[in-house]
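Have a look at the structure that comes next, please.
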Amino acid sequence: MKISDLGEFGLIERIAPLFNNLMTLDIKGIGDDCAVLPMDDKYNLVVTTDMLIEGVHFLKDKITPNELGHKVLAVNLSDIAAMGATPIASFLSFALPDNTDVQYIDDFMSGYHSLSQKYNTPLLGGDTVKSDKNLVFNVTLIGKVEKEKVRLRNMAQNGDIIAVTDYLGDSAAGLNAILNDINTPTAENLKKKHTMPHPHINEGLWLSNQLGVNAMMDVSDGLASDIKHILRASKKNASIELTQIPLSNDYLKYIEENNLNKYEFSTSGGEDYCLLLTISKDRFEEISKRYHNKFNKELFNIGEVCDGKGEISFFNNGQKVEKSKDGFTHF
Ligand code: ADP
Ligand code: MG
C-alpha cells in the first residue's frame, strides 16, 4: 500500500491512535486546528505547525520572498485564530539549497517580521538545514486561550447557523490567475489574496468571547472539505445554501471574464484562511450586528447544522444539488 492509497487524512488517522495511551484527559491532541494543553489555572496553551514546500505549496518565481515570509506565518496564525487564541511566539525552520541568495532570505524575513510585529509574536527559535533542490519552510506557533473560551471543531449544536468571516474563493481564483498568467487589475487583487492571506486573529478572539459561538475552524482546504471536519467531530449534518456563499466583486468579475463556474473555487478552492464557525440560531442576529459594528465586515450566514453523522447537503435556491468532481449537478 502506498501513501496515496490512504490520503492525507487516512494517514493521520493511522498515526493518531498510536499515542492514545500517552494522552491525559486535559490534552486535546491530533484532530483540531491546534493541540490544546493545560498551561496554568486560567489559560490553555495551543500549538500548531504547518510546512510550505517549493513546487508543492508555492512556485518560487510566482510569489515574492516577502509575500512568502508573510504567508508561512499567516497560515499558522490562522490556526491559532481558529481556536479563539492569542499568539505568543513562533519557531521557524528552513531547508535551503546552498545557492539560495542571501537577499532572498532577507526579503523572506522582512515579510515574516512585519506580520510578527503586527501580532506581537517574536521568533524564538527554529532549525536551519541544507536541502538538495527545493526550499522548505516550517513554522510552529504557540498561543494561549482562556480555558473556557477555547473553540473546538466538536462544539457544533443542532440548529446552529454556519457562518464564515470573509468571501470564499478569492485565493483559489488568485492562484488560477497566477498559473494562467492573467494580469488584469481584478486578477492582481485576487493574486494578493492568495499570496498575502489575512489571519483572522482579532476576529477569532472577539468571536471566542461571545456566548453562542460554538464550533470554529479556519478555511484552509476549502469549505466543502473543511466543514466535514466540524460535522464529523460534532457528529452532525449540515445544509449549505450555495446562493448565500459570500463572493467578492473581484471574484465574480474574474469568474465571468474567464468563463468559470462560480461555485467551484468558492466551495473547493481553499487557502482563504478565514474562519468557519457555528453560532446558536437565537444568538446569530445579535452577534452578527455587533461583529459588523466592531470590524465593519459581515459575518456571512451560509447554512445550518442539524442532527446526523457528518453528512453535508448543498442547496441552490432551496433545490438540493449534488457536488461531484465536476461541480454541482441537480439530482
Ligand atoms: P490544519 O489544516 O488546520 O493545519 P491539518 O489538516 O494539516 O490541519 O491537520 C489536521 C490535524 O492532523 C491537526 O490536528 C494536525 O496537527 C494533525 N496532523 C497532521 N499531520 C500530522 C502528523 N504528521 N503527525 C501528527 N499529527 C498530524
Ligand atoms: Mg486549520
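The values are calculated or read from the model by the stated rules, or taken from the named source; none is laboratory data. A quick note: this is a predicted structure, and the numbers were derived from the prediction, not measured. In this analysis, Cβ positions are derived from the backbone assuming ideal geometry, glycine residues included, and neighbour counts consider all displayed protein chains.
So which of 122, 87 is surrounded by fewer than 20 Cβ atoms within 10 Å (Cβ to Cβ) and modelled with pLDDT of 95 or more?
Just one listed residue meets the conditions, 122.
Of the residues that make up the stretch 19-27, is at least one surrounded by 12 or more Cβ atoms within 10 Å (Cβ to Cβ) and not in a loop (DSSP other than H, G, I, E, B)?
no
What pairs come up if the first residue lies in the stretch 310-331 and is closer than 19 Å to residue 236 by Cα, the second is assigned to a loop (DSSP other than H, G, I, E, B) and modelled with pLDDT of 90 or more, and their beta carbons are under 9 Å apart, counting only those six or more places apart or on different chains?
Filtered contacts from the stretch 310-331: 310/235.
Here is a follow-up. Check 76, 44 and return the single one that is surrounded by 20 or more Cβ atoms within 10 Å (Cβ to Cβ), under 12 Å from residue 142 (Cα atoms), in contact with a Lys or Arg (Cβ under 7 Å, 6 or more places away or on another chain) and not aliphatic (A, V, I, L, M).
It is 44.
Condition check ((1) more than 16 Å from the chain's Cα centre (by Cα); (2) within 26 Å of residue 38 (Cα to Cα)) across all residues:
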residue	(1), (2)
143	yes, yes
196	no, no
214	yes, yes
222	no, no
228	no, no
232	yes, yes
238	yes, no
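With the condition kept exactly as written, say whether any residue in the stretch 189-210 is crowded, with 18+ Cβ neighbours inside 10 Å, out of contact with any Gly (no Cβ under 6 Å at 6 or more places or on another chain), among the polar types (S, T, N, Q) and farther than 20 Å from residue 301 by Cα.
There is at least one residue in the stretch 189-210 that is crowded, with 18+ Cβ neighbours inside 10 Å, out of contact with any Gly (no Cβ under 6 Å at 6 or more places or on another chain), among the polar types (S, T, N, Q) and farther than 20 Å from residue 301 by Cα.
Further question: Quick one: which of 258, 293, 317 is on the phi > 0 side of the Ramachandran plot, more than 19 Å from the chain's Cα centre (by Cα) and surrounded by fewer than 16 Cβ atoms within 10 Å (Cβ to Cβ)?
Values: 258 fails: on the phi > 0 side of the Ramachandran plot; 293 fails: on the phi > 0 side of the Ramachandran plot.
That would be 317, the only listed residue that is on the phi > 0 side of the Ramachandran plot, more than 19 Å from the chain's Cα centre (by Cα) and surrounded by fewer than 16 Cβ atoms within 10 Å (Cβ to Cβ).
Would the stretch 130-142 turn up any residue that is touching a Gly at 6+ places or on another chain (Cβ under 7 Å), over 17 Å from residue 275 (Cβ atoms) and of a type outside the set (Lys, Arg)?
Scanning the stretch 130-142 turns up at least one residue that is touching a Gly at 6+ places or on another chain (Cβ under 7 Å), over 17 Å from residue 275 (Cβ atoms) and of a type outside the set (Lys, Arg).
Where the second residue is among the aromatic types (Phe, Trp, Tyr) and the first is more than 12 Å from ligand 1 (Cβ to nearest atom) and lies in the stretch 226-240, which pairs have Cβ atoms under 8 Å and are six or more apart or on separate chains?
As it stands, the answer is 239/314; 239/315; 240/314; 240/315, since those pairs meet every condition given.
Those residues that are within 22 Å of the chain's Cα centre (by Cα) and assigned to a strand (DSSP E or B), I need them from the stretch 108-131; list them, please.
Within the stretch 108-131, 123 is the sole residue that qualifies.
Looking at the stretch 67-107, which of its residues are of a type in the set (S, T, N, Q), over 22 Å from the mean Cα position of the chain (by Cα) and part of a helix (DSSP H, G or I)? Can you show your working first?
Here is the first cut: in the stretch 67-107, the residues of a type in the set (S, T, N, Q) are 76, 78, 86, 90, 93, 99-100, 103.
Next, only the ones that are over 22 Å from the mean Cα position of the chain (by Cα) stay: 99-100, 103.
103 - this is the single residue of the stretch 67-107 that is of a type in the set (S, T, N, Q), over 22 Å from the mean Cα position of the chain (by Cα) and part of a helix (DSSP H, G or I).
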